[in-house]
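The values are calculated or read from the model by the stated rules, or taken from the named source; none is laboratory data. Predicted model only: the values in this text are computed from it and were never measured. Backbone-built Cβ (ideal geometry, glycine too); neighbour counts: all protein chains shown.
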Amino acid sequence: MKILILDLDSLRPDHLGCYGYHRETSPNIDEIAIESVRFDNYYTSDAPCLPSRTAMMTGQFGIHNGVVGHAGTSADIRPEGLKRDFRDRLVAESLPGFLRTQGLKTALISPFSERHSAWHFNAGFNEVYNTGKVGLESAEEVTPTVIDWVRRHANEEDWCLYVNYWDPHTPYRTPDDFGNPFENEPIPEWLTEEVLERHKKHVGPHSVNEVDMYSSEPLPDFPKFQTIIDDMDDMKKVIDGYDCGIRYMDEHIGKLMDGFRQLGIMDELIIIITADHGENFGELEIYAEHATADQGTCRVPMIIRWPGMKQNHLDSGLHYSLDLVPTLAEMFNAKKANSWDGQSYASTLKDGIDTGRDYLVLSQCAHVCQRSVRFDNWLYIRTYHDGYHLFDKEMLFDLNEDPYEQHNLAKERKDKCLEAVYYLTEWHDEMMMTMDSDVDRLWTVMKEGGPYHAKGHLPEYVKRLEKTGRGHAVEELIRRHPREFE
């Protein structure tokens with residue numbers, strides 16, 4: 001058995017052709033999808049990068065594994081304490097650790113553990129190749145290492161190769177000679193001048209006024225990354241930059257597939273294509289960032305090509321990324337580890353059976369502190385720290401009618417808010433009852449001063465707001481975040 005896992009950073013599914021995108025960003029991924037099961041409602045439980053990958057690799061929610069943020073206590077995995085044996089549980093119960101118990105050689109091509117000092121990410125891999133630029137790699141710097149590894153191991157049985165590509169992640173940096181294949185193609189039609197003018201009134205990092213978090217200053221080293229959206233030409237540059245990153249990465253995935261065909265391993269190769277998180281482009285008035293517990297940030301692609309299983313099948317059930325490892329366990333006829341929070345969707349791969357959940361709970365504690373509930377056609381978001389966006393405490397969106405989260409219905413549909421809060425409470429009770437610690441690290445983040453990407457930035461940001469005609473928001477920001485001025 002040979003498995004290739006492609007973890008494509010910051011890739012939102014609705015910018016792929018196989019998920020209905022109007023631009024040809026992903027012809028090679030689309031070709032793989034024809035032979036695959038494609039999951040339409042697949043979500044990371046914990047966003048963004050470090051919490052997401054920790055959840056997928058451990059099979060646990062962040063509230064259980066402890067990693068919910070990007071710094072401080074909440075960026076470290078919970079110690080096992082007195083229960084820890086000579087080796088910790090990740091040796092056998094992480095995603096690669098489990099595969100190794102099944103006899104597979106496991107290899108990782110990624111700088112991720114260094115990028116976030118997430119050394120637990122390496123647990124269970126026989127080999128680790130750090131591509132050396134802590135996430136600023138372009139595809140041409142990753143692909144040769146992948147091809148070299150596969151050539152050396154093509155004739156071996158039973159391996160899993162896990163690969164990170166980074167090109168859709170900011171700052172956008174496709175090589176100059178790649179050009180812009182979307183130069184004459186329109187952007188998503190919902191992004192209009194009217195929407196842009198409304199979004200200009202928004203405050204908070206990664207708004208149209210400061211796409212580069214708290215700044216609109218150009219980045220000389222990354223001229224393709226538009227740091228302010230002042231007009232529709234700027235809007236197009238931002239969308240084009242992201243889509244070019246996807247297309248460039250996709251071309252390199254095509255090179256991998258050509259190489260695998262030449263080596264004669266495609267017929268037996270299992271291919272899993274997913275992402276750590278998506279990317280907001282207007283959702284909650286945020287651009288080019290994965291900063292919230294919403295649809296734009298938390299919905300990810302999942303495409304699984306498994307020879308002998310269902311092909312060209314669309315599954316609409318609700319699933320988490322952390323469901324992957326128990327799914328692999330069932331596919332291997334192995335026992336599910338007690339530590340895993342996920343549930344298997346192997347029956348979907350085998351027979352197309354709906355194995356989706358009734359609801360999902362999604363968390364974000366790196367840019368904001370939020371938990372959200374995804375159920376039926378609804379997304380409910382509860383905000384504990386707004387990351388200086390002045391979000392309402394409760395937000396509710398009908399994703400059928402408002403997929404880009406522009407109209408908060410919380411006041412009109414209290415019934416749905418109450419239903420969501422019930423689900424959130426049930427989930428939280430279950431989480432707290434099934435862990436040794438009595439600490440929910442969302443609250444640790446709050447007590448340590450707030451989410452990492454917001455903490456300490458407000459005094460300077462207030463000055464910027466006053467200089468750029470948005471001083472009306474300052475009083476409320478200070479009221480909500482008085483500790484920033486102590």
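Selection of first residues in the stretch 456-476 that are loosely packed, with under 13 Cβ neighbours inside 10 Å and acidic (Asp, Glu) and of second residues that are at pLDDT 95 or above and assigned to a loop (DSSP other than H, G, I, E, B), restricted to Cβ pairs under 8 Å at least 6 apart or on distinct chains, gives the following pairs, ordered by first then second residue: Glu460/Tyr214; Glu476/Leu390. Do we have any residue at all in the stretch 191-206 that's under 28 Å from Tyr320 (Cα atoms) and either touching a residue at least 60 places away in the same chain (Cβ under 8 Å) or acidic (Asp, Glu) (or both)? So far as the stretch 191-206 goes, yes, one or more of its residues are under 28 Å from Tyr320 (Cα atoms) and either touching a residue at least 60 places away in the same chain (Cβ under 8 Å) or acidic (Asp, Glu) (or both). When restricted to residues that are in contact (Cβ under 8 Å) with a residue 60 or more places away in the chain, in a helix (DSSP H, G or I) and β-branched (Val, Ile, Thr), the stretch 55-103 contains 4.
Among the conditions (1) out of contact with any Lys or Arg (no Cβ under 6 Å at 6 or more places or on another chain); (2) more than 30 Å from Glu183 (Cα to Cα), Asp30 misses just one, which is (2). Considering the conditions (1) modelled with pLDDT of 95 or more; (2) over 24 Å from Ser316 (Cα atoms); (3) surrounded by 17 or more Cβ atoms within 10 Å (Cβ to Cβ); (4) of a type outside the set (A, V, I, L, M), Tyr404 is excluded by exactly one of them, (2).
Note on the stretch 429-445: among residues that are touching a residue at least 40 places away in the same chain (Cβ under 8 Å) and either surrounded by 15 or more Cβ atoms within 10 Å (Cβ to Cβ) or of a type in the set (D, E, K, R) (or both), the one that is farthest from Tyr384 (Cα to Cα) is Asp436.
Just so you know, in the stretch 49-73 the residues that are surrounded by 24 or more Cβ atoms within 10 Å (Cβ to Cβ) and of a type in the set (S, T, N, Q) include one that is farthest from Ala275 (Cα to Cα), and it is Asn65.
Residue-wise test of (1) within 30 Å of Phe332 (Cα to Cα); (2) at pLDDT below 95; (3) crowded, with 16+ Cβ neighbours inside 10 Å; (4) not polar (S, T, N, Q).
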| residue | (1), (2), (3), (4) |
| --- | --- |
| Pro218 | no, no, no, yes |
| Gln226 | no, no, yes, no |
| Met235 | no, no, yes, yes |
| Asp240 | no, no, yes, yes |
| Met249 | no, no, yes, yes |
| Leu256 | yes, no, yes, yes |
| Ile265 | yes, no, yes, yes |
| Ile273 | yes, no, yes, yes |
| Ile286 | no, no, yes, yes |
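Taking the stretch 16-54 as the range and being within 30 Å of Gly387 (Cα to Cα) and either assigned to a helix (DSSP H, G or I) or of a type in the set (Gly, Ala, Ser) (or both) as the test, the residues that pass are Ser45, Ala47, Cys49, Leu50, Pro51, Ser52, Arg53, Thr54. The number of residues in the stretch 119-167 being of a type in the set (Asp, Glu), surrounded by fewer than 18 Cβ atoms within 10 Å (Cβ to Cβ) and either under 18 Å from Ser94 (Cα atoms) or in contact (Cβ under 8 Å) with a residue 40 or more places away in the chain (or both) comes to 5. Residues in the stretch 156-210 that are assigned to a loop (DSSP other than H, G, I, E, B) and either closer than 23 Å to Arg247 by Cα or small (Gly, Ala, Ser) (or both): 24 in all.
The criterion of at least 2 residues that are closer than 30 Å to Tyr384 by Cα, of a type in the set (A, V, I, L, M) and in contact (Cβ under 8 Å) with a residue 40 or more places away in the chain is met, among strands (runs of 3 or more DSSP E) falling completely within the stretch 211-330, by 299-305.
Once the stretch 370-388 is narrowed to residues that are in contact with an Asp or Glu (Cβ under 8 Å, 6 or more places away or on another chain) and surrounded by fewer than 24 Cβ atoms within 10 Å (Cβ to Cβ), the residue that is nearest to His428 (Cα to Cα) is Arg382.
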